[in-house]
Structure formats: structure tokens, C-alpha cells
1. Applying the Karplus parametrisation 6.51 cos²θ - 1.76 cosθ + 1.60 with θ = phi - 60° to the phi angles of the stretch 68-77, what ³J(HN,Hα) value in whole Hz is obtained for each residue in order, glycine and proline being reported as x?
2. Give me Met100, Met45, Met83 sorted ascending by neighbouring Cβ count inside 10 Å, so fewest comes first.
3. For His66, what residues show an amide H to amide H distance below 5 Å, using hydrogens built from the backbone and excluding near sequence neighbours?
4. Explain nothing, just the number: relative contact order of the stretch 40-95, from Cα pairs under 8 Å at least 6 residues apart, as a whole percent.
5. Just to check I understand the Karplus step: with θ = phi - 60° and J = 6.51 cos²θ - 1.76 cosθ + 1.60, what whole-Hz values come out for the stretch 48-58, glycine and proline as x?
6. Length gain on complete extension for the stretch Asn58 to Glu38, per 0.36 nm per residue less the alpha carbon to alpha carbon distance?
7. How far, in nm, would the chain grow between Phe51 and Arg112 when pulled straight, counting 0.36 nm per residue and subtracting the alpha carbon separation?
Amino acid sequence: MTPKNNRDGVLERIADELTDSVISLSDEAFLVEGTNAEEAECTRMVLCKAFRKVESVNRRLSNLGHRIDPNEWHRRGASYSNMCVTCGSFVSFNTKTGEMRGDALHAPCRERDQYTIRRRQMSRG
């Protein structure tokens, strides 16, 4: 672990370098950088929000025993849809509204228990 004094020195040096780079910008470049930084932050926030929604859907499906192939999400406008690879139950969610729909969200995977039993029987043989 980095000692606090050393860590503070590193942070101070980085802050100084950032200050120097901002001071050296022309007014036009400064305005462009500010706009780019705002756009980048906005983009980051939109992506983080979408990621949290996907994680929420995946966590809910996993808790119900459904398995979703992450490469099989299909987009239609602001909505994404997929199916449980085990039982075929449908699920979709809207990135703008956060609304989640589908049979997979309302009941446990009906094939999960059968798959578990079959798998145990195969491992005994």
C-alpha cells in the first residue's frame, strides 16, 4: 500500500500537471474541451444507466433460475429482448422507461429443476 504522504504527493503532482495543461489552452480550445468533457460525462451517464438496467434484468432472471445468452439480446428501438436458453421464456426491457416484461420475469424457470435432476443422474452413471 502506498504511504499517505507519497499518495498525497502523487495527487498534488497530477493536479499541478492538469492545471498547467488547462492554463496552456487557448480560449477556443478551452471551450471545446469543456463541451467535450460535458458530452463525455453525459455519454458515460447514459451508458452507466443502461448497464444498471441490464444488470437488474440479468440478476432478476438469474434469481428465478433462467439462463440468458448475453449475445442474444435483440434491439428494437429502445427495447431489448431475449429468451431463456433453458425453457424458452421471453423477456424484454425498455432502456428509456426501465419497464421489464415477459414470462421469464414472473415465474421460476420451469426446466431448471428437470435439468438439475438429469445432470445429477448423468453424473451418477
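Each value in this text was obtained by applying a stated rule to the coordinates, not by laboratory testing. Keep in mind that this is a model prediction, so the values were computed, not measured. Methodologically, a virtual Cβ is constructed for each residue, glycine included, from the backbone with ideal geometry; neighbour enumeration extends over all protein chains shown.
1. So the J values, rounded to whole Hz, are 10, 7, x, 8, 9, 5, 10, 9, 9, x.
2. Met45, Met100, Met83
3. Those lying under 5 Å, H to H, from His66 are Cys109.
4. 25 percent
5. Each residue's phi maps through the Karplus curve to give 5, 5, 5, 4, 4, 5, 4, 4, 5, 5, 4 Hz.
6. Using 0.36 nm per residue and subtracting the Cα-Cα distance, I get 4.2 nm.
7. Net length gain for the segment: 19.3 nm.
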